[in-house]
1. Kindly indicate whether Leu34 is closer than 12 Å to Ile82 by Cα, surrounded by 17 or more Cβ atoms within 10 Å (Cβ to Cβ) and modelled with pLDDT of 90 or more.
2. Which one is surrounded by the most Cβ atoms within 10 Å (Cβ to Cβ) among residues in segment 88-125 that are part of a strand (DSSP E or B) and in contact with a Ser or Thr (Cβ under 6 Å, 6 or more places away or on another chain)?
3. Which residues, counting only those in segment 1-43, are part of a helix (DSSP H, G or I) and over 11 Å from the mean Cα position of the chain (by Cα)?
4. So for segment 110-130 (the condition being in contact with a Lys or Arg (Cβ under 6 Å, 6 or more places away or on another chain) and not polar (S, T, N, Q)), does at least one residue qualify?
5. From the set of residues in segment 56-71 that are among the polar types (S, T, N, Q) and more than 8 Å from Leu45 (Cα to Cα), which is modelled with the lowest pLDDT?
6. (1) in a helix (DSSP H, G or I); (2) modelled with pLDDT under 85; (3) not acidic (Asp, Glu): which one isn't true of Leu51, the others all being true?
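The values are calculated or read from the model by the stated rules, or taken from the named source; none is laboratory data. Values in this document were obtained by computation on a predicted structure and should not be read as measured data. So basically every Cβ, Gly included, is an ideal-geometry build from the backbone, and we count neighbours across all protein chains shown.
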Amino acid sequence: MTDQPTIQLTFAVNDPELEDEQRQEIARKLLRQLKQLDEVEKAELAKDEELEEGTRSVLSTLVGVLTAEVSIENIQKVLGFIGDRIPNKPLVIKVKVGNQEIEIETKSRKELEAAEKVASQLLDQMQGNSCD
C-alpha cells in the first residue's frame, strides 16, 4: 500500500436515451468490475448528499452514478478501464483531489482518452502546487 493521495472519481452514465433502470444496471455492473481492480481503493454507488441528515430513502442512491477512490498513479488505468466497459456512451466524470474538482463530459472513447490527458495534466499541476 502506498502513501499516495487518493483521487475521488465520480462517474455518471448520462445517456438520455436510457431509462433510469438501465443506467442503474450499467452503474451496478461497472461497480462490481471496479471492486475487483487492484488499482481501485474504494468503489460505491454515489449517494445524494443533498438529503437531510437522518433521512433514509430508496432515492438516496443517485441513478447511474458511482464513485471510486484511486491513487494518482492509477488514474489513467482506471479511466481506460471505464472507457473499455462503457464505450461510446455519454459519461460525466468528476475528478476531485482535496478540495479541487473538475468535471469532464465525454460522449465517445476518443473523448474519454482526451479526458484522461486533461485529468493527468491537472493532477500534475495539483501535485506541483502541493508540499508533499
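1. On the way: closer than 12 Å to Ile82 by Cα: yes; surrounded by 17 or more Cβ atoms within 10 Å (Cβ to Cβ): yes; modelled with pLDDT of 90 or more: yes.
So Leu34 passes the test.
2. From segment 88-125, those part of a strand (DSSP E or B) are 91-97, 100-106; that's our starting set.
When the remaining residues are screened for being in contact with a Ser or Thr (Cβ under 6 Å, 6 or more places away or on another chain), the result is 91, 94.
Numbers: Leu91: 23, Lys94: 16.
Filtering first and then ranking leaves Leu91.
3. Asp20, Glu21, Gln22, Arg23, Gln24, Glu25, Ile26, Arg28, Lys29, Arg32, Gln33, Lys35 - these are the residues of segment 1-43 that are part of a helix (DSSP H, G or I) and over 11 Å from the mean Cα position of the chain (by Cα).
4. Within segment 110-130, none of the residues are in contact with a Lys or Arg (Cβ under 6 Å, 6 or more places away or on another chain) and not polar (S, T, N, Q).
5. Here is the first cut: in segment 56-71, the ones among the polar types (S, T, N, Q) are 57, 60-61, 67, 71.
Still in the running and more than 8 Å from Leu45 (Cα to Cα): 57, 60, 71.
On the way: Ser57: 41, Ser60: 48, Ser71: 85.
Only one residue tops the list, namely Ser57.
6. All conditions are met except number (1).
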